[in-house]
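Asker: After the structure tokens below, expect a handful of questions from me.
What follows draws every value from the coordinates through simple rules; no lab data is involved. Everything quoted here is computed from the prediction, not taken from an experiment. Neighbour counts are summed over all protein chains in view; Cβ atoms, including those assigned to glycine, are modelled from backbone coordinates with ideal geometry.
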Amino acid sequence: MPSTPGSASDAPAPSAKRPRIALPAWLDHFNMADLKVLLRCWTAVWVATLLIFITPVLHRIGIATFFGALLLYIVPPTGILFVYLLASLSLLAGMCLGWAWASQTQARLLALQHQAAMQAQQSGQSVATEALALVHDGFMLDARVTVVFYVMICVFIYVMARLRVANNKFILAQIFGTIIADLFLLFGPTLPSFTASLAEVLVEPGAIGIGLGAACCVLFFPQSTSFAVLARLEQLLRLGQVPVKSTESRLNGDALRQQHLLETKAKTIGTLKAIEPLLAFLPLDFSRGRWNADDVRSLQQPVRKALLATLSLLDDHLARIHSDENVERFQAPDPSNSNGRALEKRDLAIGHHQIQASAAMINAFKSPEETVIRERTRDALRRSTIPLLQASSGAIETVAESIHVVNSRRWFGAASQNQIDRQVVHAQHTLDALRTIRASSLPETTEALIDSHSEMFDDDGRFVNTDPGGAHALRGIVIGMVIEERILSVAETSETLLTHVLWLLQNRSKPRLWMPSHLQYALAWLFTGSMPTPMSESAGETALDPELLDQQNVEAERRLRISRGYGTPQRSRLARSLIATSRWLFNPAGMYALRMVAVTIATAIPSSLPHTAGFYYREKGIWGVITAQTTLVVYMSDFTFSLISRAAGTVIGGVLGMLAWYIGSGSGPGNPYGLGAITAAMTVLLVYLRIFLPPPFTPSTIMSGVTFVLVIGFSYDDAHTQQYGLPGRGYVAFYKRLVTVLLGFVAAFIVQLFPRPPSATRHISHTLSGCVRTLSDHYALLLSHWALPPPPNAQQTHPLTPITEQIPLQLASTLLSLASPIALLPLELPLTPFHPTTLSQTQLLCGTMNQSLGRLLTLATTLPLPLQRRLSATINLTDDYIVGEIMAVLGVIEQALKAGAALPERLPTPLVRRCFEVWRREGRTAELSRGLVRDGEYRRYCVALSSYLRFLSAVDELVLVLKRGLGEAHVVVREGVAV
């Protein structure tokens, strides 16, 4: 019996048992692989924490011995060694940059010595002790020296902030370079001369922490790059089974959950994107296994093709669910009430004209004939394609199992040759079964579709349009052919992938050591700003800027000579320079850098005033400076969430730190053994939260770990070292930490808010505007290459072939990256007319347009030329008037998203209806026959037709979404009624 909507009908194996309560994703990590990562990270952090309690080490390194453990909370050794080392080395490079940038000066040394001697005679303390107190109380402050320090350090902070936004690889370098610069800014002016060793207090324990992390990467369950890539590929293949099994459930009449499908799509594209930076490290890989780096890299393309085929199935399910929702939602309103009185303009719903124009089509979707024919189409497909779907799913599962067998236990307890041989036999059997079922399924499915729509054809096999059901039957058989083609595409790509994996199993039979081969790939990864980094999520990066969308397509434009037309007349060189400088200074990156400088000066000034310098040092005002700097992010919604989560993390970490201190020490000065034991237990929890909570909570978990370590470290320092200005023990240390952090939050909030809050809503709407502009370029690219003759040289590939997969995946990744920022928009002030719901729906519809155009771009390279010309003639694909209307609507959408202005009431929408009107006006009839249905290329022709209509319908719906969100303008009124 069909399940109700929202049920778990798309599960792989429906069961009569009550489903167990699903745990949150961050709690579902109690498996061997994740526990190994947890053990590695916990070991590194705990050992770094133990250094605090070893007296000789504490005296040798200093009161900041805890900084090594603190750093490991920020950069835990979760992944492969090379990625960890690059992240850590960028961190160290930033620290060294901050160290090298510090200025050099000389000030009132003799006066300091004289004053210290006089106070020592009065107090009985040593001259060195009195001198140190005088230094930190601001005795050495000199306005000229202070100005030099502030100018130089603020220039450095500005440059590092710009560098961070430009390339996320330098996030760690910016954070820790700024911290080192803060040391010189806060304490440099108070010292008698430039002290180069000032940075050693943090650099030395930081380097020790990095060394511990690197050692744990090597000693505790080391992961090679090939291991990490294969693990991700296995994860991708498991995700790829969801659309296949969902298709089987749909054909069985079960309802699919839209949210589950959307989450699967996001995870799939996100994992595909996460693999890309790892591939750059494959030439650097040192590993032991059966497959070398080239073998692992060779899997990328067939896996990608298989995943794209399954995503096409998933997109078809999403489109069908969305279409059914629209049929229920967009019903044509009655233009008059029961009394016959015409509705006033204010009573008419926004978008009424467009909805009314498409009322006949929407009502047709709810006709009884449509429902009956959809059932017949589904029955025909179910009988013939479910065995093929099951065989395809089995092939994907076999590939995943093969990768798991090869990738498991590479050094000790690796798979034996007998296991590999059994896997080869199983893979060969699965491949033979898939080929057999695929060969028989194709004619069976085609004949089943023809038989289920037999009334459409006469005795000669020609199409007969018998109203009222003829149009519905034609739509039903076209949809059936589209689904059939996509199922066959999944089977074909699965077969190709399994064939390749079987060849690897047969020809790579013995494990061996594989050595690194090239180094230039790592350098390319480091200086490519668009690739992700281990800290990209924790830094508050919202999404790609609209300008970066243009940069991503530079290669396509160069190779395909895409022209965006002609801009405005050239201004003078001086005007262009001034405009470019203004944009560079006050774009989001520039405003972020200026805010960093402003908050640094505002929070650091008390350290440079003679009357407050001593208090500032004793109360550890540096915590407030660092908190204010690290809390600032580029956009306001991220800032609000960041501030709340960091505050919560500070309280949680402080409470855990106090508990650990009093449990391990009681009321004493600190027991190293008791503290070592309790920190071992507390560190497990903190490290687990740090590495397994979702990325948006990374700043919160970092603050928890940092505060925990600071409370423990300073409390122990207070009892075991002789230093000026230690913050106290236990509660006192936590209280002072909390107060300075809150003051840093206040400073960051004020600087973030003025002169104008950097709106994430505005940024997202501009990014979506850039996406629509990119979609317009892709549409123009499609029209430029549709139905063109193939290259004269048979060996030449179509110019679109190298980028047909790259273009839609890049834009899909950009659109998916907006999901998390859109979810945070309710946390910021409504400074623009856009509502989060409007932006979320816009993002989804742009994704639908991107998927449809991506499919058409692929078909432009593979569909036979006669069928391309036939499609162009049937739906006027390249007609100047139709193209002009579509481009005009896309242009209006782009400008509406950029400016937030209401859309005109009268637009050439619905585009789908206009397409059919032109088709009918020119007297064209459907060209269909039994022979065409049996033609495999004609199925792909139907896919092109369906993709084009889906693109138009997405544009139509996007217009309605924006009209509901932004309003309608220029309403045409006739005889008192808007028509």
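Asker: Using per-residue counts of other Cβ atoms within 10 Å, averaged over each peptide, order 680-686, 849-855, 78-84 from highest down.
Answerer: 849-855, 78-84, 680-686
Asker: Going down the list 620/736; 273/305; 305/510, which pairs span over 19 Å between their C-alpha atoms?
Answerer: Checking Cα-Cα distances, 305/510 exceed 19 Å.
Asker: Then there is this: Of 889, 832, 770, which is farthest towards the positive pole of segment 760-978's charge dipole, taken about the Cα centre with +1 and -1 on the beta-carbons of Lys, Arg and Asp, Glu respectively?
Answerer: 889
Asker: Something else now. Please give the FRET efficiency for residue 663 paired with residue 899, using the beta carbon to beta carbon distance and R0 = 56 Å, rounded to the nearest 0.05.
Answerer: Step by step, r from the Cβ atoms, then E = 0.40.
Asker: Turning to a different aspect of this structure: Which distance in Å, rounded to a whole number, links the C-alpha centroids of segment 378-410 and segment 643-691?
Answerer: Measuring centre to centre over Cα atoms gives 47 Å.
Asker: With a ≥ b ≥ c taken as the square roots of the eigenvalues of the C-alpha gyration tensor of segment 760-978, please select rounded if a/c is under 1.5 and otherwise prolate if a/b is larger than b/c or oblate if it is not?
Answerer: Cα axes put segment 760-978 in the oblate bin.
Asker: Can I ask one more? Calculate, for residue 575 and residue 869, the FRET efficiency according to 1/(1 + (r/R0)^6) with r their C-beta to C-beta distance and R0 51 Å; round to the nearest 0.05. Intermediate values should be presented prior to the final figure.
Answerer: Details: r = 48 Å, r/R0 = 0.95.
Efficiency, rounded to the nearest 0.05: 0.60.
Asker: Under 12 Å from the Cβ of residue 829, count the other residues' Cβ atoms, weight Lys and Arg +1, Asp and Glu -1, and hand me the total.
Answerer: Around residue 829, the charge tally is +1.
Asker: Label residue 720 and residue 881 with points 7 Å out from Cα along Cα→Cβ: what is the distance between them in nm?
Answerer: 8.6
Asker: Quick one: what are the phi-derived ³J(HN,Hα) couplings along segment 390-405, Karplus 6.51/-1.76/1.60 with θ = phi - 60°, whole Hz, x for glycine and proline?
Answerer: Taking θ as phi minus 60°, the curve returns 5, 5, 5, 4, x, 5, 5, 5, 5, 4, 4, 5, 4, 4, 5, 5 Hz for segment 390-405.
Asker: If we count every other residue with Cβ under 12 angstrom of residue 897's Cβ, Lys/Arg +1 and Asp/Glu -1, where does the sum land?
Answerer: Values: positive: 762, 773, 898; negative: 894.
Its environment carries a net charge of +2.
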